[in-house]
Amino acid sequence: MSEHENNRDTKGRVPFVQMVPNMVTLTGMCLGLTSIRFAVDERFMLATFLIMLAAVMDGLDGLMARRLNSTSELGGELDSLSDFVCFGVAPSILIYQFFLSSLGGLGWIFALVYAGAACLRLARFNVMKDKPKTDDGETPHFVGVPSPGGAMLALMPAFLVFGGYFDAHSIPMVIAIWLGFVGVLMISTMKTLSLKAVRVPRSLSRVVLVLTLLVVGLVFFRPWLLLVSVNVIYIFILLVSIVKARGNLFAQS
């Protein structure tokens, strides 16, 4: 084989490692779609678990793409489509089936509001990729609540039920309003925390490592307590952001 033919063959092939991030993204999308199936079958705990697992995949695919230097426009668009399925459609169907079906069409309207807000939030994210970043290339903050965070907040009633802390079935209208409010937070223009840009002082690094051990223990023995606690902390952070925005959720960012 000539050198020219060898170069052409090399250019016609894609290194397998560069395909891995997109494979992880597709895996996450499959988890979201399967969550919808289990929600329809009223296997709500498993459906919720799959959405949480999809969130883990969502964090991994971006990290892997940056580490393997395999970011691409295709990967970015694929990630947004997967996020819409996993964190927009799947949570809205799960919450409707689990809590809002007794409200009939009214409950479905709130489910549509949440899913539509997730779609709009992801569309806005795609057109804001050129916004200012920190010195290491990470955005200093999110504009509005990111879709995985929105899914976590939307699923709060399910976490409370699974943990045995509160039977949210008794307040379907409150849950419907909560779902709609989370949708508003996703499309808001207030600045919210981006973990990618958080920097931990060296003096606290050991504390963070110890807390990691605590989190791992809770994952195995008190997962719903962990998820409720994370949501409560995140809600507090959002309240701080709302105060900083002086209650104006749609100010120009």
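Relative contact order for the range 82-230 using alpha-carbon pairs under 8 Å, separation at least 6, rounded to a whole percent?
Values: 162 pairs, mean separation 45.6, N = 149.
After rounding, I find 31 percent.
For the chain, what does the accessible surface come to per residue with a 1.4 Å probe? Please give it in Å². Don't skip to the end; give the middle numbers.
Details: 14730 Å² over 253 residues.
Accessible area per residue, the chain: 58 Å².
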### Message
Taking θ = phi - 60°, what integer Hz values does the Karplus form 6.51 cos²θ - 1.76 cosθ + 1.60 yield along the range 145-157, in sequence order, with x for Gly and Pro?
### Response
6, x, 4, x, x, x, 5, 4, 5, 4, 8, 3, x
#### Entry: Karplus-derived HN-Hα couplings along the range 105-112 (A = 6.51, B = -1.76, C = 1.60, θ = phi - 60°), whole Hz, x at Gly and Pro
x, 5, x, 5, 4, 5, 5, 5
### Task
Using only alpha carbon pairs under 8 Å that are at least six residues apart, calculate the relative contact order of the chain and give it in whole percent.
18 percent
### Message
Which one, L31, L63, V208, projects farthest toward the positive side of the charge dipole computed for the chain from Cβ point charges (K/R +1, D/E -1)?
### Response
V208
### Message
Quick query: amide H of T189 versus all other amide H atoms, modeled in the peptide plane; which residues come in under 5 Å with a sequence gap of 5 or more or a different chain?
### Response
F250, A251
### Query
Roughly what would the spin-label model give for L74 and V20, points 7 Å off Cα along C-beta, in nm?
1.8 nm
### Query
For the chain, with only Lys/Arg (+1) and Asp/Glu (-1) charged at the beta-carbon, what is the dipole magnitude about the Cα centre, in debye rounded to 20?
760 debye
## Note on the structure
Given 45-54, 32-41, 142-151, the highest-first ranking by average Cβ count within 10 Å works out to 142-151, 45-54, 32-41
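Counting only protein heavy atoms, what percent of the accessible surface of the chain is carbon or sulfur at a 1.4 Å probe? Don't jump to the answer; show the numbers that get you there.
Values: 9980 of 14730 Å².
After summing per-atom areas, the C and S share lands at 68 percent.
The values are calculated or read from the model by the stated rules, or taken from the named source; none is laboratory data. Because the structure is a prediction, the values reported are computed rather than measured. Cβ sites come from the backbone with ideal geometry, for glycine too, and all protein chains shown count toward neighbours. The area values use the complete protein model at the heavy-atom level, side chains included, leaving out ligands, DNA and RNA. Shrake-Rupley method; radii C 1.70, N 1.55, O 1.52, S 1.80 Å.
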